[in-house]
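Student: My questions will all concern the structure given below.
The values are calculated or read from the model by the stated rules, or taken from the named source; none is laboratory data. Owing to the predicted nature of the structure, the values given are computational and were not obtained by experimental measurement. With ideal geometry, Cβ positions are generated from the backbone for all residues, glycine too; neighbour counts draw on all protein chains shown.
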There are 2 protein chains.
Amino acid sequence: MPAQRTRIKDLLSAENSGDVTGPVNVKGWVKTVRSSGGVAFVQINDGSTLADLQVVVGADCPDYSLVNGLTTGCSVSADGVLQDSLGRGQKFEIVAASLELIGGADPEEYPLQKKRHTLEFLRELAHLRPRTNTFGAVARVRNAMAFGIHKFFQERGFLYIQTPIITASDAEGAGAMFRATTLDLNNLPLAEGLVDNDADFFGRPAFLTVSGQLEAEIFAQAMSDVYTFGPTFRAENSNTSRHLAEFWMVEPEVAFCDLDGLAQLAEDFLRNLFSHVLETCPEDLAFFNRFYDKELVQTLEDIANSDFERMTYTEAVAALQASGESFEYPVEWGADLQSEHERYLTERKVGRPVIVTDYPSSIKAFYMRLNDDGETVRALDVLVPRIGEIIGGSQREERLDVLQRRMAEAGLDDAPYWWYLDLRRYGTAPHAGFGLGFERTVQFATGMQNIRDIIAFPRTPRNAEF
Amino acid sequence: MPAQRTRIKDLLSAENSGDVTGPVNVKGWVKTVRSSGGVAFVQINDGSTLADLQVVVGADCPDYSLVNGLTTGCSVSADGVLQDSLGRGQKFEIVAASLELIGGADPEEYPLQKKRHTLEFLRELAHLRPRTNTFGAVARVRNAMAFGIHKFFQERGFLYIQTPIITASDAEGAGAMFRATTLDLNNLPLAEGLVDNDADFFGRPAFLTVSGQLEAEIFAQAMSDVYTFGPTFRAENSNTSRHLAEFWMVEPEVAFCDLDGLAQLAEDFLRNLFSHVLETCPEDLAFFNRFYDKELVQTLEDIANSDFERMTYTEAVAALQASGESFEYPVEWGADLQSEHERYLTERKVGRPVIVTDYPSSIKAFYMRLNDDGETVRALDVLVPRIGEIIGGSQREERLDVLQRRMAEAGLDDAPYWWYLDLRRYGTAPHAGFGLGFERTVQFATGMQNIRDIIAFPRTPRNAEF
């Protein structure tokens, strides 16, 4: 009976080759093959770790004749014994007792040859790019961070809530949305000359969510500590290296929590998340540090080890105005901070992450709690070096009368928010929450330049392939 | 300085009241208030656990006068010392040193009064129902199962992959889909008399995914062991207690895995998942067992402790035909098994879960691996008592020529599947995966009759509220 497949990660993480007793079986895809003196060296990868496993196929192996047919991209199975490698570049290797070619990859046609490909080229091959070092590493780091997020909140007693994707409400009161419809666009039912929304699946127009916040507030007002982690959507025609039409967002929401408590949660969360990825993905991060961003690991370690600074928006504006810097965008109280301002604050003013609080109400959403000054709201942004804002959040307005006034000022109709207002009518409580864009955070943790290389199959204007 | 909020779950899980030293602070929502002999007993719940905490407010408490204003649904904060309860029904209670009313709930208006409400009534109040015992318990069980799923796969070295929600492909080759569009339905751009899809956001029609399987296969063919866990959609006009238009699905996909390996994974997964919920949610399950399904815990324990039976579809048909039962739907080779057949097999024929394999190709999807008999495919369904099918999966067709022939027979055009076929052109390998409907599984684990009570905000025909 053949040995069960062992993951390459598990083999390579052995202390000594002798710890792995008896023959093992590995399966994966061929990265490279070279022959020297009647011995073939086949590098195979199974995605479990960045490192390839070297399989040594000697002329005495009964399957040695297969070696000529092995090319990059083939899938293979090899049985053999783990032993210390005599060659450079790897600690262990397998000496093949048998070898099987499972699936070929015609070298005339297989698009991923040994040479380095551009990220742009690989974006067109999103079905094959996970087999490359870069995208394998992105997948592993992304996985580690996703699970690290769940672990952080679960260990702290937060409940994971799945808020709806299809919704009739819009958390931001703005932001272009996708409509989800079953209407036949070539045969639209009409009512009084306009589209008959009553004939649509939900009997009304429905959209893809831009945020689970409002629904998470519902659960916070019953379960106290909750978080969401799911896909969100923006139908904006943005073709940048930082925008996706479909991305995942993490949104904790905490009852009986004020802005100070939220700032502490955000700091604990980010430091824990970057510590977690440093601990669980050292090889992948070393790879990114080497090939994509020489300061990556240092930056992540700095964040994991820093106390975050706090300052108010008003203090931030004063610091920017006193900086003597010439910014592209003018700094004045009442205007939103631009990326250049955020980076100055975190990189040069304080030299570590900074949490800016209490922004002018005029530039923030209606649901943020109004301060007693009547001009600022209990909002926060967490700014980190190199990118600026990574988290945005707020204490929510829990006072019914103030919330209704703010909605009226924002030109919002009460009616669709009847349930949101009910939360303030019945057992209202201070509560607060933030949002973290998952892909932007993985982008930050990997040093990748383009967010389209962080998500498996990016959705952007004119692009929904795969 | 006031004590930090302590979760009621943490207080009630103490061995002895004396283990919790000093004053504590609890915050939550009032369930009931009763007074007796100048002492008020306030039951409060914070969602962390099913049990309420009894707060005893004596006449000597400086905030005793607040008690008259406390009604069901109010949010409160209480400081005091944990002590053994003299009354019946609880082990511990808090004797209030101080009490604060945070948010009122007018008893004339608050819809959730002390009396029992029907689930149908509560469905209209999905923003308040998490405050009830039943929906709080559903939220906790759902959370435990979601994290249990992640934990199971992470501990086994699977990578969590987020497959796209918006897609141009359709895994089932069938199934009604929602279109995601930014076109203005009242001002549709036309090209040659039909809707101009080129003007839509993605430059083509795009839809909400019915399954992440095909994209998960991409990642399995690079990372070996992966799983998805995310929302999926069906635009079917089904108004039943088992159907949602938006639901979450778990889909592992494993390279170098055949149907036997998949069956073992499915068995390990289900047994682990039900063990996990039994271990982590004993109080909530006891609640469901008491009020919703007297055999619930026994059923879950049986599954957690059973070896699952295996039989082929052909054997299953023979067993059904030999059963002497009169079924509503006739049993004949080539017809799909109905729920009544599945339940007979698992409940009466074998008395434990059963994995049925090798279904007729004519009733299964094109991507399932064809057996050498040319008539059956390497599909499996896992059947469990009380509901029948809980998991469906298959070994996938990894042979390019067979897959193309099966697609042609199914009337599918090759072109949109170019990348799916590429996986068979370059380093193809046997692989297999299954899908588990998350809500149906939570429904099973709670004994709830209607799936609309399992998801926070159900989406069904004509219903997208909240």
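Student: Considering only residues that are in contact with a helix residue (DSSP H, G or I) (Cβ under 6 Å, 6 or more places away or on another chain) and farther than 15 Å from A:ARG386 by Cβ, which ones fall in region A:333-350?
Tutor: Selection gives A:TRP333, A:ASP336.
Student: Cβ-Cβ below 7 Å, separation at least six or inter-chain, first residue in region B:269-291 and not assigned by TED's automatic domain parsing to the domain that holds B:VAL138, second surrounded by 19 or more Cβ atoms within 10 Å (Cβ to Cβ): which pairs?
Tutor: none
Student: Taking region B:14-31, which residues are of a type in the set (S, T, N, Q) and either modelled with pLDDT under 95 or in contact with a helix residue (DSSP H, G or I) (Cβ under 6 Å, 6 or more places away or on another chain) (or both)? It would help to see each step written out before you state the result.
Tutor: Pass one, region B:14-31, residues of a type in the set (S, T, N, Q): B:16-17, B:21, B:25.
B:ASN16, B:SER17, B:THR21, listed by residue number.
Student: Quickly run through region B:96-140 and pick out the residues that are of a type in the set (Phe, Trp, Tyr) and within 24 Å of B:GLU283 (Cα to Cα).
Tutor: Initial filter on region B:96-140 (of a type in the set (Phe, Trp, Tyr)): B:110, B:121, B:135.
The answer is B:PHE135, and nothing else.
Student: So, in region B:322-343, how many residues would count as being free of Cβ contacts under 8 Å to residues at least 12 places away in the same chain and surrounded by fewer than 14 Cβ atoms within 10 Å (Cβ to Cβ)?
Tutor: Taking region B:322-343 first, the residues free of Cβ contacts under 8 Å to residues at least 12 places away in the same chain are B:322, B:324, B:326, B:330, B:338.
Next, from what is left, pick out any that are surrounded by fewer than 14 Cβ atoms within 10 Å (Cβ to Cβ): B:322, B:324, B:326, B:330.
Result for region B:322-343: 4.
Student: Here is a follow-up. Go through region B:22-50 and give me each residue that's more than 14 Å from chain A (Cβ to nearest Cβ) and touching a residue at least 40 places away in the same chain (Cβ under 8 Å).
Tutor: B:GLY22, B:PRO23, B:PHE41
Student: Now a separate question. So which pairs qualify, if the first residue must be in region A:53-65 and at positive phi, the second must be surrounded by 13 or more Cβ atoms within 10 Å (Cβ to Cβ), the Cβ gap must be under 7 Å, and the two must be at least 6 apart or on different chains?
Tutor: Close Cβ pairs satisfying both conditions: none exist.
Student: Let me ask something else about it. Can you tell me which residue within region B:221-240, out of those that are of a type in the set (S, T, N, Q) and touching a helix residue (DSSP H, G or I) at 6+ places or on another chain (Cβ under 6 Å), is surrounded by the most Cβ atoms within 10 Å (Cβ to Cβ)? Give the steps one after another, and end with the answer.
Tutor: Of region B:221-240, the ones of a type in the set (S, T, N, Q) are B:221, B:224, B:228, B:232, B:237-240.
Among the residues that remain, those that are also touching a helix residue (DSSP H, G or I) at 6+ places or on another chain (Cβ under 6 Å) are: B:221, B:228.
Details: B:GLN221: 29, B:THR228: 25.
In this case the residue turns out to be B:GLN221.
Student: Can you name the residue in region B:202-259 that is free of Cβ contacts under 8 Å to residues at least 60 places away in the same chain and in a helix (DSSP H, G or I) and is also farthest from the other protein chains (Cβ to nearest Cβ) among such residues?
Tutor: Of everything passing the filter in region B:202-259, B:GLU215 is farthest from the other protein chains (Cβ to nearest Cβ).
Student: Would region B:100-121 turn up any residue that is among the hydroxyl-bearing types (Ser, Thr, Tyr), closer than 24 Å to A:TRP418 by Cβ and crowded, with 18+ Cβ neighbours inside 10 Å? Lay out the reasoning, then the answer.
Tutor: Initially, region B:100-121 is screened for residues among the hydroxyl-bearing types (Ser, Thr, Tyr), giving B:110, B:118.
So of that shortlist, the ones also closer than 24 Å to A:TRP418 by Cβ come out as B:110, B:118.
Subset that is crowded, with 18+ Cβ neighbours inside 10 Å: B:110.
Yes; the residues of region B:100-121 include at least one that is among the hydroxyl-bearing types (Ser, Thr, Tyr), closer than 24 Å to A:TRP418 by Cβ and crowded, with 18+ Cβ neighbours inside 10 Å.
Student: Looking only at region B:192-201, which residues are facing chain A (nearest Cβ under 7 Å) and closer than 14 Å to A:ASN237 by Cβ?
Tutor: Step one: of region B:192-201, the residues facing chain A (nearest Cβ under 7 Å) are B:194-195, B:201.
Answer for region B:192-201, where residues must be facing chain A (nearest Cβ under 7 Å) and closer than 14 Å to A:ASN237 by Cβ: just B:PHE201.
Student: Shifting gears a bit: Can you tell me which residue within region A:433-466, out of those that are hydrophobic (A, V, I, L, M, F, W, C) and either free of Cβ contacts under 8 Å to residues at least 60 places away in the same chain or within 13 Å of another protein chain (Cβ to nearest Cβ) (or both), is nearest to A:GLU253 (Cα to Cα)?
Tutor: Applying the first criterion (hydrophobic (A, V, I, L, M, F, W, C)) to region A:433-466 yields A:434, A:436, A:438, A:442, A:444-445, A:448, A:451, A:454-457, A:464, A:466.
Still in the running and either free of Cβ contacts under 8 Å to residues at least 60 places away in the same chain or within 13 Å of another protein chain (Cβ to nearest Cβ) (or both): A:438, A:442, A:454-457, A:464, A:466.
Values: A:PHE438: 16, A:VAL442: 22, A:ILE454: 26, A:ILE455: 25, A:ALA456: 28, A:PHE457: 29, A:ALA464: 32, A:PHE466: 34 Å.
Here the residue is A:PHE438.
Student: Within region B:280-309, take every residue that is closer than 30 Å to A:ARG7 by Cα and not aliphatic (A, V, I, L, M) and give me the one that is surrounded by the fewest Cβ atoms within 10 Å (Cβ to Cβ).
Tutor: Let us first name the residues in region B:280-309 that are closer than 30 Å to A:ARG7 by Cα, namely B:303-309.
Subsequent filtering for residues that are not aliphatic (A, V, I, L, M) retains B:305-309.
Working: B:ASN305: 11, B:SER306: 18, B:ASP307: 9, B:PHE308: 21, B:GLU309: 16.
Among them, the one singled out is B:ASP307.
Student: If the Cβ limit is 8 Å and pairs must be 6+ apart or interchain, which residue in region A:95-110 that is more than 7 Å from chain B (Cβ to nearest Cβ) pairs with which residue that is among the small types (Gly, Ala, Ser) and surrounded by fewer than 18 Cβ atoms within 10 Å (Cβ to Cβ)?
Tutor: Taking only residues 6 or more apart or on different chains, the pairs are A:VAL95/A:GLY58; A:ALA96/A:GLY58; A:LEU101/A:GLY69; A:GLY104/A:GLY69.
Student: Would you confirm, using the coordinates I've provided, whether B:SER169 is more than 9 Å from chain A (Cβ to nearest Cβ), closer than 18 Å to A:ALA180 by Cα, part of a loop (DSSP other than H, G, I, E, B) and not acidic (Asp, Glu)?
Tutor: Details: more than 9 Å from chain A (Cβ to nearest Cβ): no; closer than 18 Å to A:ALA180 by Cα: yes; part of a loop (DSSP other than H, G, I, E, B): yes; not acidic (Asp, Glu): yes.
The answer is no for B:SER169.
Student: If I ask for residues that are over 19 Å from A:GLY212 (Cβ atoms) and more than 8 Å from every other protein chain (Cβ to nearest Cβ), which ones from region A:143-155 would you list?
Tutor: At the first step, the residues of region A:143-155 found to be over 19 Å from A:GLY212 (Cβ atoms) are A:143-144, A:147-148, A:151, A:155.
Result: A:ALA144, A:GLY148, A:LYS151, A:GLU155.
Student: Given the criteria farther than 30 Å from B:LYS9 by Cα and not assigned by TED's automatic domain parsing to the domain that holds A:LYS31, does A:GLY148 qualify? So that I can check it myself, show each step before the final result.
Tutor: Values: farther than 30 Å from B:LYS9 by Cα: no; not assigned by TED's automatic domain parsing to the domain that holds A:LYS31: yes.
The answer is no for A:GLY148.
Student: Looking at (1) surrounded by fewer than 23 Cβ atoms within 10 Å (Cβ to Cβ); (2) within 30 Å of A:PHE178 (Cα to Cα); (3) in contact (Cβ under 8 Å) with a residue 60 or more places away in the chain; (4) more than 7 Å from chain A (Cβ to nearest Cβ), which one does B:LEU125 not meet, given that it meets all the others?
Tutor: Only one criterion is unmet by B:LEU125, namely (3).
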